[in-house]
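The values are calculated or read from the model by the stated rules, or taken from the named source; none is laboratory data. Every value quoted in this text rests on a predicted model; they were computed, and no experiment measured them. FYI the Cβ positions are ideal-geometry reconstructions off the backbone, even for glycines, and counts take in every protein chain you see.
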Amino acid sequence: MVNIKEKLNEGWVHSRIIIEVLGKPEDHVDKALHVCADNIKKDKEIMVISEDYSKIDPQESLFSGFVELEILTKTLMKLVWFCYDYLPSSVEIIDPQTIHFKNSEFSNYLNELQIRLHHLGEELKVAKQANRILEANGHNLLRNLVFQCIKDEDRTLSQLSDFTGIGEKDLEPFLNIYIEKGGVVKKEDKYSLVRR
């Protein structure tokens, strides 16, 4: 059993945190919460005093759940980095009631935060660029698929939806773009290529 008062006298920080998970299937959400708590327990600078798991609830097409943990962190900075790494939805510092910083400690914290934020910014830029490339390639692939489908025979929206595997409501805006750009025409309810 952990002696909380003793740890507080050593400079540890006593907190209550909530970590939420949203996803599917239901058992994945439950497993993710337990894996997260297990990973936290492996950290030598964090002590988990208690853990309380919610039941997994349906949320539209997904499932959600949370774990409430009462923890001790070796320092306040450790709690801050814990928040950065695990993104809890709620943090309540129980003790100490008053927190003091040396300016050198706070400066180090701000510099470390800047490094992490810059790194995150770079990762976001790379992800955005990769997403743009995937989106452009996806549009080209869909256009080629539609054009191949109507190359020799006019097709309805329903037929194109079946052929491409894309729902009619999602496919129709792309067909309208192809019409605007002059590659496709719509006669009554059928689409065909513009013959040049």
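Just one of the listed residues (I56, I49, I19) is surrounded by 14 or more Cβ atoms within 10 Å (Cβ to Cβ), under 15 Å from D85 (Cα atoms) and in the same structural domain as S89 (by TED's automatic domain parsing), namely I19. Restricted to the range 70-109, and to residues there that are assigned to a loop (DSSP other than H, G, I, E, B) and in contact with a strand residue (DSSP E or B) (Cβ under 6 Å, 6 or more places away or on another chain), the residue that is farthest from E45 (Cα to Cα) is S89. When D154 is tested against (1) surrounded by 10 or more Cβ atoms within 10 Å (Cβ to Cβ); (2) in contact (Cβ under 8 Å) with a residue 12 or more places away in the chain; (3) out of contact with any Ser or Thr (no Cβ under 6 Å at 6 or more places or on another chain), exactly one condition is not met: (3).
Listed here are the residues, each with its yes/no results for (1) out of contact with any Phe, Trp or Tyr (no Cβ under 7 Å at 6 or more places or on another chain); (2) surrounded by 11 or more Cβ atoms within 10 Å (Cβ to Cβ); (3) of a type outside the set (A, V, I, L, M).
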residue: Q97; (1), (2), (3): yes, no, yes
residue: K102; (1), (2), (3): yes, no, yes
residue: N108; (1), (2), (3): yes, yes, yes
residue: N111; (1), (2), (3): yes, no, yes
residue: R116; (1), (2), (3): no, yes, yes
residue: K125; (1), (2), (3): yes, no, yes
residue: A130; (1), (2), (3): yes, no, no
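Screening the candidates I71, I19, I46 for the property of being touching a Cys at 6+ places or on another chain (Cβ under 8 Å) and closer than 28 Å to P96 by Cβ yields one hit, I19. One residue stands out among those in the range 140-182 that are assigned to a helix (DSSP H, G or I) and farther than 19 Å from V194 by Cα: the one that is farthest from the chain's Cα centre (by Cα), which is S158.
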